[in-house]
Amino acid sequence: MADKNANAAMGAAGRAPAADKADAIRNVVLVGHSGSGKTTLVEQLLAATGTIQRAGRVEDGNTVSDFDEVEVRQQRSVNLALAPLTHNGIKINLLDTPGYADFVGDLRAGLRAADAALFVVSACDGVDGLTQMLWEECSRVGMPRAVVITKIDHQRADFDEVLATCQDVFGDGVAPLYLPVITNGRVNGLIGLLTQKFYNYATGSRTENAPGPEYETRIEEYRGPLIEGIIQESEDESLMERYLEGDPIDTGVLVDDLEKAVARGSFYPVLCTGLGVGAQELLELITQGFPSPLEHPMPEITTLDGKPVTGIACDADGPLVAEVVKTTSDPYVGRISLVRVFSGTLRPDMTVHVSGHGLAERGHEDHDVDERIGTLTCPLGKQQRPAAKGMAGDIVAVAKLSRAETGDTLSEVDRPLLMTSWAMPEPLLPVAIRARSKADEDKLAQALGRLVAEDPTLRLENNAETRQLVLWCMGEAHTDVLLDRLARRHGVEVERIELRVPLRETFGGRCQAMGRNVKQTGGHGQYAICHLEVEPLPSGGGFEFVDKIVGGVVPRQFIPSVEKGVRAQMERGVVAGYPMVDVRVTLYDGKAHSVDSSDMAFQIAGQLALKEAAAKVPTLLLEPVDELSVLVADDYVGPVMSDLSSRRGRVLGTEPVGTGRTLVKAEVPELEITRYAIDLRSMSHGTGTFQRTFLRYEPLPSHLADKVAAAD
C-alpha cells in the first residue's frame, strides 16, 4: 500500500485537527498487553505527522497519552487517552488504552468509541492471554483489526516467531504486508509484499528501491499466501482463477480488495514498526484500509422506556446521539467528558439531555437531566484545544456536564434517547477502607462519588452489617490507583483495613429458656415472664415464631411484643454479634401483671430468654458460601481445581466452553475468596475470569469459629 498517496500531510503542532465530514475520520483504538509499545507507537505517529515536534519516551514521563501523575510514576498507562492527528486530509483519533487487566474498563470504553482496532504486539514478548481474549471479543462484533509488531529493532526481537504466534493465536486471515530488513542488527527498512518495493530508512527518510536478489525467496514465501488470502476475500470470483493460471494481477486491484476485506473485519494485515521505521506505512493502512464511522454499525438505541429506535445513522444533520466514553474529575477544572458522537452535531452552549441507566447496583443512580454544554475541546493528552463542534463520527471533550458519568447518553432535549451500555466486567476484589481523620471523613463521600462517576468498573458498598466502607475493584493495581487519586487529586487520606465477611449465628440444638424481666422500683414497674423453646431450622429456613399460649397466661396484646424482642436480639446476635438465622422460637408459657406488664417489658423478656437459650446449647457460626464459575484456558484447569479444593471448596464439575477453554463450577466459602481475583489472575497468567453468586450459609469449622469469637 506504500505506493498510494505516499506523502503525509503534516499536521500543525498546537492546532486541533478537524474534519468536515464523517468519511474523513478514522477512530482507531490501540490494544495490547502492558509494555507492548502502544504509547510509544502513538508518539511515533504523532511525530511522523508533525502533530508534535519530537516523540516522547515513557521512561522520561513526557509522552502525550501518559500524562496522569500515576502513569508518569508507574511508567504504564492506566487511563484511556485521545491523541488526534491528520494524515492526507484524514483526521485520525488514536485511542491509547491501558494494557493491564485491572484497567479493562478504560479498554472497553476505547473499543466502544472506535471503528477499528490496532492490536499491538511486542516482537520480544509475543501475545498474552488478555490480548487473545480481546481479539475474540472483537471477532464477535466483527470489528476491523490489524496487527502491529513493535520493537523489531530490539536485540531480542524475533519477527518471524511472533508473526507465527499471531497467525496461530488469532487464526485465519492474519498475513504480513511488510517484512523488516535487518542488517547487522539494525532495521534499515521494510519490503512491501504487494508492491515488491524496498522502503529504505537507512538515511533517516524513506526512499524507494527494488529489493535485492537475496530477498527473492523470502518475498515469495510470504507474498503468495498474502495474495491468496486477499483474493479469497475478493468479490471478484475470477481473480482466483486468473491467479491459479499464473496471470499477473494488478497491484491496485489487490490493494483495493485488501482495503475492503479489512473494513469488513475478515482480513487482518500485519505491519511492523521500530525506531524511525514503519509509521508511514501504518498511517497509510489506517487512512486507506480502516473504515470510516459511516461503515460502523450503530449501537442499539432505545427510548427512555426501552422501546427500540431505528433509522438513526451517522449523519451530522440527524438527531443527536452521543455517548460519554470517559469521565475525569478535577477539583479545580471540574468534570470533563470524552464523548463519541454517533449522530447529529454537538455545539458549544447547546442544551442536551443526559441519560444514565443500568448501573445503579454499582453506585451510579439512574438519572435523566437536561444540562447545558460548556466549551468543546479536542484533547491531545492533557492539552485541551478548542473545537468548534463535534460532528457525527468524531470524538470531542465536553466541559461542565456536572451529572454526566461514563456510559451516559447525550441526546436532544425534546427527543431523549438511550444507548445500550457496553459490557463491563464485574469488580470482584473487595477492599475495606476508612478515613484517617475526621476532616478526611467529611470529604470522603464527595471524593468517592466523583471516582464512581468516572469509573463504571468501581462499585461502592456501605455494608450495614460489618459497618465497613468497601470498594469493589478489578485488582490490586486498580485499588492502588484509586487510593492514590483520593489522596493526590482529592486530598483525602484513607487506610486499608481488614475486610470483615458478614457471618451468621444459629442454635446448635433444641432447648427451653425463660426470660424474666421483673423490676419493682417504686411507682410503675416492669413485669414480664416468658418461656420459650428454641430449635434450629434447616439452612435457608429463616425465622419462625410459634404462639402456643393457652389460658391467657400471656395476654394477646403482648405476644407480638415477645416476638419483636426476639427479632431484635436475633439482629444483634447472641455470641459474636452476627445476626441469627434459621431458628424456630415457640412461646409456650409466661406470666403477666395487670399493672406493671407492658409492651417494652415483654420485648426485654423475649431478648433475655433468647440469651439464656444461647447459654444452654451450642451456638454455631455460619459462613456464606458462594457458587463460583471459573472460566480458564484448558492448560490451567488442574491448578485451578486444586486451588479451589485448598480453599475448602467443593468442585461440582467442568464443561468445555468454545475451543481451548473450560468452565469450572465450585462451591467455596466467601472467607476463602476475598482475594481470588488476584490469585486467579496469577494462576492463569491473566486468562482466567470468574463469577460469584451467593448460595447459602454453612457452619464455620470449629477452629475458625474459635478465632472469630476470640477476635470479636
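The values are calculated or read from the model by the stated rules, or taken from the named source; none is laboratory data. Owing to the predicted nature of the structure, the values given are computational and were not obtained by experimental measurement. Cβ: placed from backbone, ideal geometry, glycine included. Neighbour counts: every protein chain shown. Accessible surface areas use protein heavy atoms only, side chains included; no ligands, DNA or RNA. Shrake-Rupley method; radii C 1.70, N 1.55, O 1.52, S 1.80 Å.
Quick one: ranking ASP250, ASP256 by accessible area, 1.4 Å probe, largest first, what do you get?
On the way: ASP250 100, ASP256 70 Å².
Largest accessible area first, the list is ASP250, ASP256.
Taking amide H positions as placed 1.01 Å from N in the peptide plane, with prolines and chain starts having none, which residues 5 or more places from VAL120, or on another chain, fall under 5 Å of its amide H?
Hits under the 5 Å cutoff: VAL31, GLY32, VAL148.
Could you name the lysines in cross-link range of LYS197, using Cα to Cα under 23 Å and dropping any fewer than eight places away on the same chain?
Once the sequence-local lysines are set aside, what remains near LYS197 is LYS4, LYS151, LYS260.
Where does each of LYS400, LYS91 land when they are ordered by accessible area, with a 1.4 Å probe and the largest first? It would help to have the intermediate numbers written out before the result.
Values: LYS400 150, LYS91 5 Å².
Of LYS400, LYS91, the descending order of accessible area is LYS400, LYS91.
Give me, ordered by chain and number, the residues 5 or more places off GLY278 or on other chains with an amide H under 5 Å from its own placed amide H.
none
Give the residue list of GluC sites (Glu not before Pro) in the range 166-252 that are DSSP loop and have at most 15 other beta-carbon atoms within 10 angstrom.
Within the range 166-252, the qualifying GluC sites (Glu not before Pro) (loop, at most 15 other Cβ atoms within 10 Å) are GLU235, GLU237, GLU245.
Give me the compactness ratio for the range 308-466, meaning the Cα radius of gyration over 2.2 N^0.38 Å. Don't skip to the end; give the middle numbers.
On the way: Rg = 17.0 Å, N = 159, 2.2 N^0.38 = 15.1 Å.
It is 1.12.
So for each of 58-64, 477-483 I average, over its residues, the number of other beta carbons within 10 Å; can you give me the resulting order with the highest mean first?
477-483, 58-64
What are the ³J(HN,Hα) couplings of the range 140-146, residue after residue, when phi is run through the Karplus curve with 6.51, -1.76, 1.60 and θ = phi - 60°? Round to Hz, x for glycine and proline.
My calculation for the range 140-146 gives 5, 9, x, 6, x, 9, 9 Hz in order.
Under 11 Å from the Cβ of ALA123, count the other residues' Cβ atoms, weight Lys and Arg +1, Asp and Glu -1, and hand me the total. Mind showing how you got there, number by number?
Working: positive: LYS151, ARG156; negative: ASP125, ASP153, ASP158, ASP160, GLU161.
After counting each charged neighbour, the total is -3.
Counting pairs of Cα atoms in the range 214-364, how many percent are more than 21 Å apart? Intermediate values should be presented prior to the final figure.
Numbers: 7438 of 11325 pairs.
Across the range 214-364, Cα pairs with separations above 21 Å total 66 percent.
Relative contact order for the chain: what percent, with Cα pairs under 8 Å and sequence separation of 6 or more?
10 percent
Test of the criteria: in the range 296-385, which trypsin sites (Lys or Arg not before Pro) are in a DSSP loop and have at most 12 other Cβ atoms within 10 angstrom of their Cβ?
Loop-located and lightly packed - LYS382.
Can you give me the Cα centroid spacing of the range 648-712 and the range 173-216 in angstrom?
52 Å
Can you list the lysines whose alpha carbon is less than 24 Å from that of LYS382, not counting same-chain residues fewer than 8 positions off?
Within reach: LYS38, LYS91, LYS326, LYS400.
Quick one: 3J(HN,Hα) in Hz for the range 335-340, Karplus 6.51/-1.76/1.60 with θ = phi - 60°, rounded, Gly and Pro as x.
8, 10, 10, 7, 10, 9
Per DSSP H run of at least 4 residues, take -39500 (n - 2.57); add these up for the chain, divide by its residues and hand me the 222 nm value, nearest 500 deg cm²/dmol.
Details: 16 runs with 192 residues, N = 712.
Rounded to the nearest 500, the figure is -8500 deg cm²/dmol.
Any idea what the dipole of the chain comes to, in debye rounded to 20, about its Cα centre with Lys/Arg Cβ at +1 and Asp/Glu Cβ at -1?
It comes to approximately 2900 debye.
Mind listing the phi-derived Karplus ³J(HN,Hα) values for the range 278-287, rounded to whole Hz, using 6.51, -1.76 and 1.60 with θ = phi - 60°, and x for any glycine or proline?
Those phi angles translate into x, 5, 4, 5, 5, 4, 5, 5, 4, 6 Hz.
Restricting to DSSP loop positions (anything but H, G, I, E, B) with no more than 11 other Cβ atoms inside 10 Å of their own Cβ, which GluC sites (Glu not before Pro) remain in the range 446-552?
Those that pass, being in a loop and sparsely packed, are GLU498.
At a Cα cut-off below 22 Å, give the lysines reachable from LYS611, other chains included and same-chain residues fewer than 8 away excluded.
LYS519, LYS548, LYS564, LYS591, LYS707
Show the residues, 5+ positions off or on another chain, whose built amide H is closer than 5 Å to the amide H of ASP408.
VAL324
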